[in-house]
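S.K.: Starting off with a structure, shown below.
The values are calculated or read from the model by the stated rules, or taken from the named source; none is laboratory data. Computed from a predicted model, the values in this text were never measured in an experiment. Here the Cβ positions follow ideal geometry from the backbone for every residue, glycine too, while neighbour counts run over all protein chains shown. What goes into the accessible areas is simple: the full protein's heavy atoms, side chains included, and nothing from ligands, DNA or RNA. Shrake-Rupley method; radii C 1.70, N 1.55, O 1.52, S 1.80 Å.
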Amino acid sequence: MTEPSGGSTDKPRRPVVVPAVALVAVTAVGITALLGGLNERPDPAPPQLKPGQTLDQGQFDTQFVESKITLQPAESQFDKDKRFLDVVFKVTNKTDETVYVGGVPTEKNSGFSFGSTLLKMTPEIKSKFGADLFVQSKGVRSSQLHPGIQETVIARYELEGATPPPKQVSYNLGAFERLVNGLTDEASWFLETEPAVLDEEETDKVVATVTLPVKPQEA
């Protein structure tokens, strides 16, 4: 897929938390220890979505359509047939600007744009070139999501050799929030994160999960 020229695939970085916040956190921990601790309740599990349901991801509205096996016949006698697992979404860009559909996270980067909200796939499908994320409209592929238009987006994973497809795939899903820089009044979209504790790094917040059964190859 086409990525913005000269752009980075890493998501935008959040401002560094000021030391005063860490100091308050340390003080709070000390007070809690003196008082014998708090009766903490575990956070509720994120909502579990089913095929056909839609999730508000801040910058995008996303409907989770299906996952299926797609066969691409060999284009010549020197080529070979290829099998793919396609995950199909209906994505609406809720901003007033055209944006790239992005790329899904890999071992080397955290993805970007819509693709970065697909935080984790289970089971993980590893292939030589990773997943391909693209917009498909009337048989034409592109990399752009236009404002206010529901677009068909496909995450395509190649199944190498005789690798059997999984019976279902699941995603941990993130969402974007719009943050304003108080100094410049400029607003940007960032993935929601879990609050950092002391020296720990922030982690992307899982706002929902979805499980899609994998449909067999159509005859």
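S.K.: Please give the charge dipole size of region 37-121, origin at the Cα centre, charges +1 on K and R Cβ atoms and -1 on D and E Cβ atoms. Round to the nearest 20 debye.
M.R.: Approximately 260 debye in magnitude.
S.K.: Leaving ligands, DNA and RNA out of it, rank Tyr171, Tyr100 by accessible area with a 1.4 Å probe, largest first.
M.R.: Tyr100, Tyr171
S.K.: Further, regarding this structure: Could you sort 113-126, 61-74, 135-148 so that the peptide with the highest average Cβ count within 10 Å comes first and the rest follow in order?
M.R.: Highest mean packing first, the order is 113-126, 61-74, 135-148.
S.K.: Quantify, in whole percent, the carbon and sulfur part of the accessible surface of region 70-174 (1.4 Å probe; protein heavy atoms only).
M.R.: Values: 2860 of 5830 Å².
Using a 1.4 Å probe with all protein chains present, region 70-174 comes out at 49 percent carbon and sulfur.
S.K.: Okay, moving on. Label-point separation (nm) for Gln144 and Gln48, each offset 7 Å from Cα along Cα-to-Cβ?
M.R.: 4.1
S.K.: Rounded to the nearest 0.05, what FRET efficiency do Glu201 and Gln72 have when you use their Cβ-Cβ distance and R0 = 35 Å?
M.R.: 0.30
S.K.: For region 140-197, what mean projected area does the convex hull of the alpha carbons give, in nm²?
M.R.: 8.6
S.K.: Too long at a 31 Å Cα-Cα cut-off: which of Lys128/Lys205; Lys108/Lys138; Lys126/Lys215; Lys94/Lys128; Lys50/Lys82?
M.R.: Pairs exceeding 31 Å: Lys108/Lys138; Lys94/Lys128.
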